[in-house]
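Presented below is the structure to which this report refers.
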Amino acid sequence: MCGFLVLASVEPDRPLPHSDADLDELRDTLRHRGPDAAGRWMEASRTAALLHRRLKVIDLQGGHQPMICPEGRFCLVHNGEVYNYRELRADLEDRGHLFRTQSDTEVLLTAYRAWGPECVRKLNGIFAFAVWDREERTLFLARDPLGVEPLYYGVWNGILYAASEAKAIVADARVPRAVNPRAIDLYFHLGYVPEPQAIWAGMRKMGPGCRLTLKLSGSMDALPATERYWTVPFGQARPLEASGSELLDAVDSALRRAVRRQTVSDVPLGAFLSGGIDSSLVVSYLAELSDAPVQTFSVSLEGAPYDEAPYAQQISREYGTRHHRVVVTPDALDLLPELAHFYDEPFADPAALPTAVLSALAREHVTVVLSGDGGDETYAGYPRYLRAYQSRLLDRVPQGLRRAAASPFTRIASSYMRRGAFDVLGLDATDRYAVRTVAVPRVHRWRAYSDQLREKIAADPAGWNGNGASPWQRSVLDELPPGTNVISRLQFLDIRTYLSEQLMVKLNRASMRSSLEARVPLLDLDAVALAARIPAPVHIRDGRPKYVLRRLLAQRMGKDFVRRRKQGFRVPARSWLESRDRAWLERLLLPTGIDEWLDRDRTRSLLLDDPKGRR
């Protein structure tokens, strides 16, 4: 992976006010994403600049960026990898295009020359890229279909910015650091700031599978809406009619092809191995495709109630990997201020800590790792899918009748959480899911907000009222065809929101902190499209979720290996925080300057005056 920054004057005759040194300083805020090389290209008129930091993975001698096409019209910067670049190159060569390097960068640039914005429909990979058209003065932006790679953009003071991370934009003193109040409310609701919102006012995040062409012709009072060029095809294709061994063979072939595609690299490559089903499957395919022993990496958490390290060791022995393990202790809390810098925005997933430590360990041995992320969303692995499937009959009861039945229990329940358990009976399956996955209950976060923030949120007509799914989640679900089954609806919602906006953010920022490229073969486009056609009764079978991947791994490791409850990556955050003194916690969680957004006394009470940890 790499990092890029684009600046372009909205007015065609107005040069950028930045010196070369200014531009290099902004670019180098992304050095962690690309420590191996730096590049800068600028229009002769100094009205546009493309800047790049490179992590060398493919074609170590060629592929330098920014890259300009032979006729000089298009200039490109990109981040990530195009896994099918060799097939695309062969197609383009058949059409008469010539190549000077062996890089996927040149293939991407040539694909844009040949097909324009439609080139994104031909790409299978993880990427974000920008193409500057010198003749038309347009900037084309695109993000990969599953949202693995980040892309931020916005216009301030007559300058258009686009970058791999927000820090490269706000490092420019010309960009005001005004906080977006809606993003704060969404953060406390979800545990992350969802696209297209960003924590900074005026900034946007490109959504997964989206593209945008911006015409710079003198004024840009409002940014146009992005166009979605790809979406997960739930309900769009005929369900798979295969069953039993035929179905397992189809998925097995798709995942094997995905892993093979993602092993393309001119630098050392390994894999994260937690011992769970997803990472174990990825490692098994990788080992079968590799001539040399695979380097694998796992993490254990001190004080965690469950440790999958024995399962990781078992996989390592079975496939002869060179396994490395690190134990993360509560001392890792000292990394939190540093991680805040790398994440750019408020981010509530405690797994960011061990993922950062694990990535640092892996970077000592390899430059690229394969990760098992994405299997739970694409193959229905979460227990909440099982609960939704089992409660589907509940939705046949009229909603009014369900609410009436729950009402007396809600009134007599003795706590907020117990009341909530009855409240959800009156909601449909999607709203029940949304309520159960709220990061902070509205009664708590509304109490913690400052009066100023409350006023700003109340004045926002697009705000979330706390009842069921947020408007953002509902807008995502509206893209599905009518009649899509409940499991597919929840999978689609998770893939488009939780996966791209939390899990991929966690993985990308934690790995890039150590200049490590993390790839996700279970999110290969062909494999995801196949998984979207698997009927819900196949995903949820024998009273357990993720039936297909369980069966595939059982064929390799035996049924006993997969006969365990899903544990997840459970960081003992509560006990770790309780190991620190109150003054340390208050300095960390309630720093100077927070009062504009949170009421210090009420928030202190919520965070620190709760000996049972209920909040």
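The values are calculated or read from the model by the stated rules, or taken from the named source; none is laboratory data. These numbers were taken from a predicted model, which means no experiment stands behind them. Glycine also receives a Cβ, built like all others from the backbone with ideal geometry; neighbour counts cover every protein chain displayed. For accessibility, only protein heavy atoms count, side chains too; no ligands or nucleic acids. Shrake-Rupley method; radii C 1.70, N 1.55, O 1.52, S 1.80 Å.
Observations, loosely collected:
- Boolean, R54 is buried (at least 21 other Cβ atoms within 10 Å of the Cβ) and either of a type in the set (A, V, I, L, M) or farther than 19 Å from K122 by Cα (or both): yes
- For the range 363-375, the tally of residues that are open to solvent by less than 30 Å² (accessible area, probe 1.4 Å) and more than 21 Å from L523 (Cα to Cα) stands at 1.
- Test: residue in the range 496-508 that is open to solvent by 30 Å² or more (accessible area, probe 1.4 Å) and at pLDDT below 90: no
- Residues that are at pLDDT below 95 and either of a type in the set (S, T, Y) or open to solvent by 50 Å² or more (accessible area, probe 1.4 Å) (or both), drawn from the range 1-13: E11, P12, D13
- Residue in the range 153-162 that is more than 21 Å from the chain's Cα centre (by Cα), farther than 25 Å from E11 by Cβ and of a type outside the set (V, I, T) present: no
- Residues of the range 229-265 classified as within 27 Å of Q102 (Cα to Cα) and in contact with an Asp or Glu (Cβ under 9 Å, 6 or more places away or on another chain), total: 10
- Inside the range 467-478, residues that are open to solvent by 20 Å² or more (accessible area, probe 1.4 Å) and either farther than 18 Å from V440 by Cα or at pLDDT below 75 (or both) make up a count of 4.
- Any hit, the range 76-91, residues being assigned to a loop (DSSP other than H, G, I, E, B), within 23 Å of R513 (Cα to Cα), touching a residue at least 24 places away in the same chain (Cβ under 8 Å) and small (G, A, S): no
- On the stretch given as the range 372-397, residues that are out of contact with any Ser or Thr (no Cβ under 7 Å at 6 or more places or on another chain) and part of a loop (DSSP other than H, G, I, E, B) total 8.
- Scanning the range 170-192 for residues that are touching a helix residue (DSSP H, G or I) at 6+ places or on another chain (Cβ under 8 Å) and within 20 Å of A48 (Cβ to Cβ) gives A171, D172, V175.
- Failed criterion for H365 (all others in (1) over 24 Å from D28 (Cα atoms); (2) over 18 Å from the mean Cα position of the chain (by Cα); (3) not in a loop (DSSP other than H, G, I, E, B) hold): (3)
- Residue check for Y83: open to solvent by 10 Å² or more (accessible area, probe 1.4 Å) and within 26 Å of R31 (Cβ to Cβ): yes
- Here A111 clears all of (1) within 25 Å of S514 (Cβ to Cβ); (2) of a type in the set (G, A, S); (3) outside any strand (DSSP E or B) except the condition numbered (1).
- Selection within the range 39-68 - more than 15 Å from G80 (Cβ to Cβ) and not in a loop (DSSP other than H, G, I, E, B): G39, R40, W41, M42, A48, A49, L50, L51, I68
- For the range 201-245, the set of residues classified as more than 30 Å from L7 (Cβ to Cβ), hydrophobic (A, V, I, L, M, F, W, C) and touching a residue at least 60 places away in the same chain (Cβ under 8 Å) consists of V232, F234, A237, L240, listed by residue number.
- Taken over the range 311-343, the criterion of being assigned to a helix (DSSP H, G or I), open to solvent by less than 80 Å² (accessible area, probe 1.4 Å), without any contact (Cβ under 8 Å) to a residue 60 or more places away in the chain and more than 28 Å from E165 (Cα to Cα) is satisfied by A312, Q313, S316, Y319.
- Subset tally (residues that are in contact with a His (Cβ under 9 Å, 6 or more places away or on another chain) and open to solvent by 10 Å² or more (accessible area, probe 1.4 Å)) for the range 165-212: 3
- Candidates V77, V107, filtered to the one that is in contact with a Pro (Cβ under 9 Å, 6 or more places away or on another chain), hydrophobic (A, V, I, L, M, F, W, C) and open to solvent by less than 10 Å² (accessible area, probe 1.4 Å): V77
- Leading residue by the ranking (least open to solvent (accessible area, probe 1.4 Å)) among those in the range 28-51 that are among the charged types (D, E, K, R) and under 21 Å from D133 (Cα atoms): E43
- Screening R121 with (1) within 23 Å of the chain's Cα centre (by Cα); (2) buried (at least 17 other Cβ atoms within 10 Å of the Cβ) gives one miss only, at (2).
- For V520: the one exception among (1) farther than 19 Å from I277 by Cα; (2) open to solvent by less than 10 Å² (accessible area, probe 1.4 Å): (1)
- Summed over the range 19-38, residues that are part of a loop (DSSP other than H, G, I, E, B) and under 23 Å from P150 (Cβ atoms) total 2.
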